[in-house]
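What follows is a short report on a single structure.
The values are calculated or read from the model by the stated rules, or taken from the named source; none is laboratory data. Note that this is a predicted model, so its numbers are computed, not measured. We place every Cβ from the backbone using ideal geometry, glycine too, and count neighbours over all the protein chains shown. Heads up: the accessible areas ignore ligands, DNA and RNA and are worked out on the full protein's heavy atoms, side chains in. Shrake-Rupley method; radii C 1.70, N 1.55, O 1.52, S 1.80 Å.
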Amino acid sequence: MSGVNGGNQDVDIDVGRIVSAVWERKARIIGVTVIAAAAALAATSLMTPSYRGETRLLIESRSPNLTGGEGAPQANDPVLDALNITSQAQVLQSTDLIKRVARELGLAKLKEFDPAAQSFLPDPLVLIGLKQDPMMLDPEDRVIQEFRDKLEVYPVENSRVIAIEFSSHDPKLAADIPNKMSEVYLEIQSGAKLDTHSETAKWLEPEIATLTQKVQEAERKVADYRSSNGLFQTTETNSFSAQQLNDISTELARVRAERANAEARAENVRAGLEAGRASDTLADVVGSQVIQRLKEAEANLQAQISDQSTQLLEGHPRLKGLRAQLSGIRQQIGSETKKILASLDNEAEVSRLRERQLMAQLNGLKADSAKAGEEEVGLRALEREAAAQRQLLETYLARYREATSRIESNSSPADARVVSRAVEPSEPYFPKIVPIVVVVSLATFILGCLMVMVVELFSGRALRPSGVRDVEREVEDEAAPAPAVPAGNDAAPLPVHRMQAEAARFNTPEPAREEETAAATPSEPKEAAEETPARPVEERDVAATGDQAFTIASVAHYLQRHGIPVAIGISPGGDEGSTTSVMLAREIAGRGRTVVLVDMTGSACPTRLMADNPRLPGITDLLCGETAFGDAIHPDRLSGAHIIPHGVSDPAQAMRGVDRLTMIIDALADAYDLVLIECGPAEISGISRLTRNEMAEIVLSMPGFKDEDVATLVTDFEAAGYRNVLIMTEAGDRRSPRPGRRRAA
């Protein structure tokens, strides 16, 4: 690394070199991986397998319902509380429970649970004092410690289930221990409830006896107070005085109603007589039987008079006798009516007398009732005390009966039940041979690759310079004008170009670099060589590189190292040069760089070579504004490069929106490492819009051109102000500049 950075030059990591280094050592890495896999397989095969059993308990309220109906589960039952579930999980890990299980199963006799007692070799950590001697502990404590290491108890998330897991080398023990733990736990919980009921019954017995005496005394006080004050009761809620007051009030109301009725009837009869109305219009008169018989006699006499009047004269004694009888009957009716009126008056007077008597009795009872109410205040206090004592006694009696009914062992089940018992496992849970071997193999392989990468990075072989001296200084050193192109087969050399310098550094072997000289090429005029004695080493190596400086790989290497954002491809030869530009884009994409090729040729040759369909939307559609930006970018069908095809819109209409081209290129340059614009056989004057970006480079793609034609085109571009022109005259390398590098063609 120091050799690379000796000149304070930035370096990049050569991923290709790292991959090559790993590939060169593949046999060693695979061998180590196989050895590690074999060692892991042997180690896991020699390990004693461990088996795991699991029992699950459901915590729920299981108190028997002695009321005869189905009790609804209470949401706020403390048994179902989340804290209670966690507490029960801790109870399952208690020392007392583990001791009981260990005693009943005889675990102290097994080597697995007391390895210190069964081992004949001393523990090295104990000998050097880093660990306490386990033999100093009680055997039961050693068993408990080993038991806890193999036990795992946890509440299942979002449930009231507690899982009990136990691992052991014996599959039968792996199932028996969690099952035994659940049985002991249920017995402990049930026994705790039995103890609670027994203690409750013992405490209630003397309390009930004391309360019974208190209730008797309180009820005796109530009876004595009632008898001494004459507070007798007719019902549970009414006293004797209150009942009398109620009866007299009812009778008084009835008498008042009768008096009012008699007075109204008498007034009606009296008003009828004074008004001279007929007696048969009065209801009380008509209802009298005497009046009814007199009315019948009057009607008969009227009938006889009417019958005799047709046969006898008016002065006939018969008629006179009948009329005298009729007059007498009418007088009797009037006399009887007056008697009825007098009867009604007498009835009303009797009712008034009865009312006065009842009022006198009512007033006396009111005084007695008021006195009784004052005396009942003390009575109610005594009754409340007696009722409170009686209610407490009844509550204690009910609880005592319930507690005594649950003293039996089967009457108080634990608030939990086993929902899943452990079964004897058929396969060990550790070690898993296949996963362990796979993981060890994969880890060994990855570590081996990482070690090779680290060695390559620290040795400096995987690092390369990230840049050269300032490009502008190199250009300023080129003070001599380009020589004229002589006639004949010997073509004059092209002006020295910074891409050629980079290609020389990239392609020239190390021995050649050590022996490089400052002399110009043999075909260069002597004067030019004498005028540029101080040119950099890169420029003096152009002649040594030959046509290696004009290959696709050399141009791709130059564009990549200098981070050129925009390259303008010009192909004077037409589709052959455009094909070379496509190969350049694929070469750069193969180097891990993001590149997009913009097809601005008239023949759409790059579109045919890279796109799946030549009718895809492209640059002409973008310039016309007929497609979205993202819809115009398509992947290359043979590489990781992208292409913006020629498009399907009218080119003449697209040229009207050529002002958008600069904005499109800038946007692409922000998204891609390189934007390659293939213009085909474009004129020098027509690329001025594309070279506004200061970092833009011009790439002349001229495969198969003669050196004279190349020199002429370069001279024309330099005359137009484009001095930095990249040239591709060969489609492939005649010799690979680095081992393992693929050809650009």
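For segment 633-643, what does the Karplus curve 6.51 cos²θ - 1.76 cosθ + 1.60, with θ = phi - 60°, yield as ³J(HN,Hα) per residue in whole Hz, taken in order and with x for Gly and Pro?
Values per residue, Gly and Pro as x: 9, 9, x, 6, 7, 10, 7, x, 6, 10, 9 Hz.
What ³J(HN,Hα) values, in whole Hz, does the Karplus curve 6.51 cos²θ - 1.76 cosθ + 1.60 give for segment 610-626 when θ = phi - 60°, with x put for Gly and Pro?
Taking θ as phi minus 60°, the curve returns 10, 8, 6, 9, x, 9, 6, x, x, 5, 5, 5, 5, 5, 7, x, 9 Hz for segment 610-626.
Would you tally the net charge around Ile570, using a Cβ to Cβ cut-off of less than 12 Å, leaving Ile570 out, and scoring K and R as +1, D and E as -1?
Numbers: positive: none; negative: Glu678, Glu683, Glu697, Asp716.
Within the 12 Å Cβ shell, the charges total -4.
Which GluC sites (Glu not before Pro) does segment 377-426 hold that lie in a coil by DSSP with at most 10 other beta carbons within 10 Å?
Glu408
As a test, work out the antiparallel percent of DSSP beta bridges whose residues both lie in segment 580-704, rounded to the nearest 5.
Details: 2 of 10 bridges.
Of all bridge pairs located within segment 580-704, approximately 20 percent are antiparallel.
Based on the alpha-carbon gyration tensor of segment 381-453 and its eigenvalue square roots a ≥ b ≥ c, which shape applies: rounded if a/c is under 1.5, prolate if not and a/b is larger than b/c, or oblate?
Numbers: a/c = 13.83, a/b = 3.56, b/c = 3.88.
In terms of gyration-tensor shape, oblate.
Note down the accessible area of Lys26, probe 1.4 Å, to the nearest 10 Å².
80 Å²
Determine the sum of side-chain charges near Leu313: Lys and Arg each +1, Asp and Glu each -1, restricted to other residues whose C-beta is under 15 angstrom from that of Leu313.
Values: positive: Arg318, Lys320, Arg323; negative: Asp307, Glu314.
Result for the neighbourhood of Leu313: +1.
Provide the packing ranking of 153-159, 667-673, i.e. peptides ordered by the mean count of other C-beta atoms within 10 Å per residue, highest first.
On the way: 153-159: 12.4, 667-673: 15.6.
Result, highest mean first: 667-673, 153-159.
Pull up the cross-link candidates among the lysines for Lys295, meaning alpha carbon to alpha carbon under 21 Å and not fewer than 8 places away within one chain.
The reachable lysines, counting only those whose Cα sits under 21 Å from Lys295, are Lys320, Lys338, Lys339.
In a shell of Cβ-Cβ distance under 12 Å around Asn300, excluding Asn300 itself, what net charge do Lys and Arg (+1) and Asp and Glu (-1) give? Write out the running numbers ahead of the final one.
Values: positive: Arg293, Lys295; negative: Glu296, Glu298, Asp307.
Counting the neighbours of Asn300, the net charge comes to -1.
Given an 8 Å cut-off on Cα distances and at least 6 residues of separation, report the relative contact order of segment 639-729 as a percent. Present the calculation step by step, with values, prior to reporting the outcome.
Numbers: 38 pairs, mean separation 23.3, N = 91.
Once divided by the residue count of segment 639-729, the mean separation gives 26 percent.
Do the alpha carbons of any pairs in Lys221/Lys366; Lys111/Lys432; Lys109/Lys202 sit beyond 32 Å of each other, and which pairs?
Beyond 32 Å: Lys109/Lys202.
Taking amide H positions as placed 1.01 Å from N in the peptide plane, with prolines and chain starts having none, which residues 5 or more places from Ala682, or on another chain, fall under 5 Å of its amide H?
So Ala682 has HN proximity to Ser571.
Counting only protein heavy atoms and using a 1.4 Å probe, what share of the accessible area of segment 592-644 belongs to carbon plus sulfur, as a whole percent? Show your work: numbers first, answer last.
Values: 1170 of 2250 Å².
After summing per-atom areas, the C and S share lands at 52 percent.
Taking amide H atoms as placed 1.01 Å from N in the peptide plane, list the residues 5 or more away in sequence, or in a different chain, whose amide H sits under 5 Å from that of Ile677.
For Ile677, whose amide H was placed from the backbone, the distant partners under 5 Å are Ala567, Ile568, Gly569, Val598.
To the nearest 0.05, how large is the calculated FRET efficiency for Asp666 and Met136 if R₀ is 56 Å and r is the Cβ-Cβ distance? Numbers along the way, then the final one.
On the way: r = 81 Å, r/R0 = 1.45.
FRET efficiency, Asp666 to Met136: 0.10.
Provide the per-residue ³J(HN,Hα) series for segment 654-661, in order, calculated from phi with Karplus coefficients 6.51, -1.76, 1.60 and θ = phi - 60°, each as a whole number of Hz, with x at glycine and proline positions.
5, 5, 5, x, 5, 5, 6, 5
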